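Below: the structure, in structure tokens.
The values are calculated or read from the model by the stated rules, or taken from the named source; none is laboratory data. Worth saying up front: this structure is predicted, and the values here are computed from it rather than measured. Positions of Cβ are generated from backbone atoms using ideal geometry, with glycine treated the same way; all protein chains shown enter the neighbour counts.
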Amino acid sequence: MPMPARLAAAGQWRLAVDLNWSSTAVEQTSATESLLVDAETRELRVTLGRGFADRWMLQLQLPYRYTDGGNLDSFIDGWHDFFGLPDGARNAMPRDRVHIAYVRDGRAIFDQRSSSHGFADMSAAIGYQLLANANTSLSAWLDVKLPTGDANRLTGSGATDVSALVAGEHRFGERWSTYGQLGITWLGKGDLFTSAQRSILWSALAGIDVNLWRGLDAKLQIDTHSAVLDDSALDFLGDAVVLTIGGAYRFESGWTVDAGVSEDILVDASPDVVFVLGLRQQF
């Protein structure tokens, strides 16, 4: 998740509630692997942060995840047709089915054919304000993800991960601004892919924000991360690049609503589409 480049002041609280609703229809094979992902995932993530001392901020994130067959397949087929986007394996799969399976070297690693839900891996982070002025801000973060979820229900990895991140933003005049983040994650040994997973993962994002009218902003963001598994020839288990287009509206009360939609630029390397909705407040 993106971390704030400008931290909350000492004694100030921040609250964010984000819903990510994704739909995936992927079927891939190689000489040693086969993968099927046909499911929808809805994740509700609550983030609470507080500034303290001088230039410091603590932040906690608690997600709840639900995976099932969903009901977006027909809508997404129409979405892809309208915008001329590739439909991948979606046309050959049953509508609104849940089936997630992975076989490696002839051994079934995972096979789920029913819905699952529960609290996912929570994280705790501490941030330090490296730079902050009227137009530019830069922060450094140390984030620890705890194995509070369940790998067998796809709500967690079963491992503790530690990330170091740098987030920044810069404003050009009154309308335009850019933001970005670069991170490295040290992955603990998960429950499902212990022998195949890598120990280090890189991630980055970059975005542009333009104010259209009063509290209304339009945003374009690109996210990417390196592969988690070693020696995999499958696109879905490799590097990923995702484009998100959306915007935000700031109400006079201080609440901000975010909305957007994400598409897999690197086709079949991430969910076909993700609908994003968020609500934020600072007090």
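Mind listing just one residue for me: the one in region 230-265 that is closer than 30 Å to residue 196 by Cα and loosely packed, with under 14 Cβ neighbours inside 10 Å and, of those, nearest to the chain's Cα centre (by Cα)?
Once the filter is applied, the top-ranked residue is 230.
Here is a list of conditions, (1) small (Gly, Ala, Ser); (2) out of contact with any helix residue (DSSP H, G or I) (no Cβ under 9 Å at 6 or more places or on another chain); (3) within 23 Å of residue 19 (Cβ to Cβ); (4) modelled with pLDDT of 90 or more, and residue 140 meets all of them except one; can you say which number that is?
Here residue 140 meets the rest and fails (3).
Is it true that some residue in region 142-149 is of a type in the set (S, T, N, Q), in a strand (DSSP E or B) and either touching a strand residue (DSSP E or B) at 6+ places or on another chain (Cβ under 9 Å) or surrounded by fewer than 14 Cβ atoms within 10 Å (Cβ to Cβ) (or both)? Steps first, answer last, please.
Our first condition is that a residue be of a type in the set (S, T, N, Q); within region 142-149, this holds for 148.
Of the ones still in play, those that are also in a strand (DSSP E or B) are none.
Looking through region 142-149, none of the residues is of a type in the set (S, T, N, Q), in a strand (DSSP E or B) and either touching a strand residue (DSSP E or B) at 6+ places or on another chain (Cβ under 9 Å) or surrounded by fewer than 14 Cβ atoms within 10 Å (Cβ to Cβ) (or both).
Here's a check for you: in region 48-72, which residue that is among the charged types (D, E, K, R) and more than 18 Å from residue 140 (Cβ to Cβ) is surrounded by the fewest Cβ atoms within 10 Å (Cβ to Cβ)? I'd like the intermediate steps shown before the answer.
Here is the first cut: in region 48-72, the ones among the charged types (D, E, K, R) are 50, 54-55, 65, 68.
Checking which are more than 18 Å from residue 140 (Cβ to Cβ) leaves us with 65, 68.
Values: 65: 22, 68: 16.
Among those that are among the charged types (D, E, K, R) and more than 18 Å from residue 140 (Cβ to Cβ), it is 68.
Please state which of the following conditions residue 205 fails to meet, knowing it meets all the rest: (1) out of contact with any strand residue (DSSP E or B) (no Cβ under 9 Å at 6 or more places or on another chain); (2) within 26 Å of residue 155 (Cβ to Cβ).
(1)
Would you pick out the residues in region 150-167 that are closer than 19 Å to residue 56 by Cα and either modelled with pLDDT under 95 or crowded, with 19+ Cβ neighbours inside 10 Å (or both)? Write out each step before concluding.
First, pick out the residues of region 150-167 that are closer than 19 Å to residue 56 by Cα: 162-167.
Hits for region 150-167 are 163, 165, 167.
Six or more apart or on different chains, Cβ under 8 Å: which pairs go from a residue in region 176-202 that's over 30 Å from residue 216 (Cβ atoms) to one that's among the basic types (Lys, Arg)? Could you list them?
The qualifying pairs are 187/198; 196/104; 197/189.
From 55, 42, which residue is at pLDDT 95 or above, within 14 Å of the chain's Cα centre (by Cα) and more than 20 Å from residue 254 (Cβ to Cβ)? I'd like the intermediate steps shown before the answer.
On the way: 55 fails: within 14 Å of the chain's Cα centre (by Cα).
Only one candidate passes the filter, namely 42.
Please pick out the residue among 203, 226 that is out of contact with any Lys or Arg (no Cβ under 9 Å at 6 or more places or on another chain) and surrounded by 15 or more Cβ atoms within 10 Å (Cβ to Cβ). Walk me through how you get there before you give the answer.
Working: 226 fails: out of contact with any Lys or Arg (no Cβ under 9 Å at 6 or more places or on another chain).
One residue alone meets the criteria, 203.
Could you list, ordered by first residue, the pairs with Cβ atoms under 6 Å in which the first is in region 132-149 and within 16 Å of residue 185 (Cβ to Cβ) and the second is aromatic (Phe, Trp, Tyr) and part of a strand (DSSP E or B), at least 6 apart or interchain?
Hits for this filter: 140/128.
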